[in-house]
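Shown next, in structure tokens, is the structure this report addresses.
Read-outs: derived from the displayed coordinates by stated rules, not from any lab. Keep in mind that what you see is a predicted model, and the values were worked out from it rather than measured. Heads up, the Cβs are rebuilt from the backbone with ideal geometry, glycines too, and the neighbour counts pull from every protein chain shown.
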């Protein structure tokens, strides 16, 4: 029996140990684990990966996901050396550290060292459990053992880096470094690393913005402990103690806020949105926007948009003077996407189409004179007339009558079709285009205008604007010829810059909508295109607001911030006709329109004053008329009755006392005539 017992007892012992191990494994495997994938903040990043904006999770926490490779390696070495030096060797529980903690607690009557591994801390963070009771500690041990069987060490470390608390609403090492140091955790000093190790142990008590001395003491104590390990030398620890501790928590970046909201709305399930925006340029232009409207009243706002017209990528998008601005500025409204009147900014497109149709050339002479189209009688902004001048000068001076004359020949439908080819989606009041569209009688967005001017900058081919990295470009569409695009750029780049702005030959155009509701400036060089809008989001007038005075100076400063030196527009295409007016073909020397053969000769009499449709105050019995051209003597009729005959002058004061509507007619010696309709109050 003794001999059998000698062989049987070891077998029984091994069987009992195996049974205990099986029961232990079953106990661990049966652990009900908490959710491992917790909600993290949605992040919006720029073209270089820099954080533009982060959204808080539902409970208001800023919890930014972090993986070990995104964090400074020296910090990770210090963290493991301090918190869990056998992290890479144990299976969730460090028996040596746990036994030491029990002995120290028994001997001293209080907890001296926790004995918790990083895996156990992750278990506590995932369950938000307590460590003060043995039952809580036992639960952490069980969860830690189960976690180690399901996750890799890298994944466990990533959970700690994402969930560790750092005071207030901060969770995760990335949220901590952004809030306390203003940077990502890719490169940290030993002092910063020690601070990040100290905070999770007592995140509220050691918050540097609330208890600065305690935060410094905790950091220095960790530096002293680490100086005894291979993770940090004594000299490095002493040097780290001299580094200051942050006294205030920094605000998280909120750049391109409107575009970030747009990205989130476009794809609400994505946890990261990578935009084409450049964070540095975006920050610079947001500062410019706030400064530009300073002192202009609480209701005035501003918007800016910058794109690379070669790729169509939006590099900066400023939707208002301040996303969270107080008062009546309505900063939450993204004015880059709001429909507004473009004022005169569509005129270059009309002239470019006129060039392509062979109706005009930049050197063609065109008449700036009173004109009517049915009931529509366009007027120049200042109410004056310049007479005959070159088309290029008419565009530079942004005169209304010449461009409407040209639009009448092209037809509003042709102009709107070309605008839509650029990718714009204009809105027409009443649904039908009239001649007034070329003077701003149509609704467009800032993005529409940037598309239009990008097309001109690209030699007449459209480009789609994209703001999300990796977005697929729409096929480009031919809108105007290369030569017409170059001619437009050549004219716009010769417009005098605003006072104090550099003469850098930026091709730009300003616009002011009816009632001074919108002030625009849009421009481009050989690489970039940009637009500036200033006005009130609610559409009410801004008395005295002009695009040339308000928006143009901001546009020039914007381009200085994009880059100090502009990229030249380039030489004219070979097919471009670059001659003076006298060298043009006869039909192009003076604008006459397609129906010129049916029109009266240019020297027929013209009543230049009063203009057609004029509304005059009470005259006191006298009306002065002015006539241009025609062969003397002249005859004047008022409502069909002769009031002056055999006139040898082209201006004369007539006895005229009638009120209300009247028709004035002038007839020259050859029977040719002109007439106007007026109203006398």
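Calculate how steeply helix 279-292 sits against the longest principal axis of the alpha-carbon atoms of the chain, using the helix alpha-carbon long axis, and give the answer as 0 to 90 degrees to the nearest 10.
Relative to the chain, helix 279-292 is tipped by roughly 50 degrees.
Any idea what angle helix 446-457 forms with the longest principal axis of the chain, computed on alpha-carbon atoms, 0 to 90 degrees, nearest 10?
70 degrees
Please give the Cα centre distance for the stretch 316-365 versus the stretch 658-681, rounded to the nearest Å.
Between the Cα centre of the stretch 316-365 and that of the stretch 658-681, the gap is 40 Å.
Can you compute the helix-only [θ] at 222 nm over the chain? Use -39500 (n - 2.57) per DSSP H run of at least 4 residues, normalise by all residues, nearest 500 deg cm²/dmol.
Calculated from helices alone, the mean residue ellipticity at 222 nm is -10500 deg cm²/dmol.
Indicate the gyration tensor shape class of the stretch 600-680 (rounded, prolate or oblate), computed on the Cα atoms with a ≥ b ≥ c the square roots of the eigenvalues: a/c under 1.5 is rounded; otherwise a/b larger than b/c is prolate and the rest oblate.
Note, shape of the stretch 600-680 comes out prolate.
How far, in degrees from 0 to 90, does helix 118-127 lean away from the longest principal axis of the Cα atoms of the chain, to the nearest 10?
60 degrees
To the nearest Å, what is the center-to-center distance of the stretch 156-199 and the stretch 458-509, using C-alpha atoms only?
Using only Cα atoms, the two centres lie 46 Å from each other.
Which value in Å is the Kirkwood Rh of the chain over different Cα pairs?
31.2 Å
What's the FRET efficiency of residue 284 with residue 55 using the Cβ-Cβ distance as r and R₀ = 35 Å, to the nearest 0.05?
Efficiency, from the Cβ-Cβ distance: 0.90.
Determine how many Å³ per residue the convex hull of the Cα atoms of the stretch 227-292 encloses.
So the per-residue Cα hull volume is 204 Å³.
Would you please classify the overall shape of the stretch 457-615 from the alpha carbon gyration tensor, given that a ≥ b ≥ c denote the square roots of the eigenvalues, rounded means a/c under 1.5, and beyond that prolate means a/b larger than b/c while oblate covers the rest?
It comes out oblate by the Cα gyration axes.
Find how many whole Å separate the alpha carbon centroid of the stretch 63-80 from the alpha carbon centroid of the stretch 242-274.
The two parts, judged by their Cα centres, are 20 Å apart.
To check you understand DSSP bridge types, tell me what percent of the beta bridges within the chain (both residues inside) are antiparallel, rounded to 5.
Percentage antiparallel, nearest 5: 90.
Please give, to one decimal in nm, the separation of the simple spin-label points placed at residue 427 and residue 669, each 7 Å out from Cα toward the Cβ.
Computed distance between label sites residue 427 and residue 669 equals 5.9 nm.
Arrange the peptides 198-208, 574-584, 453-463 so that the one whose residues have, on average, the most other Cβ atoms within 10 Å appears first.
Highest to lowest by the protection proxy: 453-463, 198-208, 574-584.
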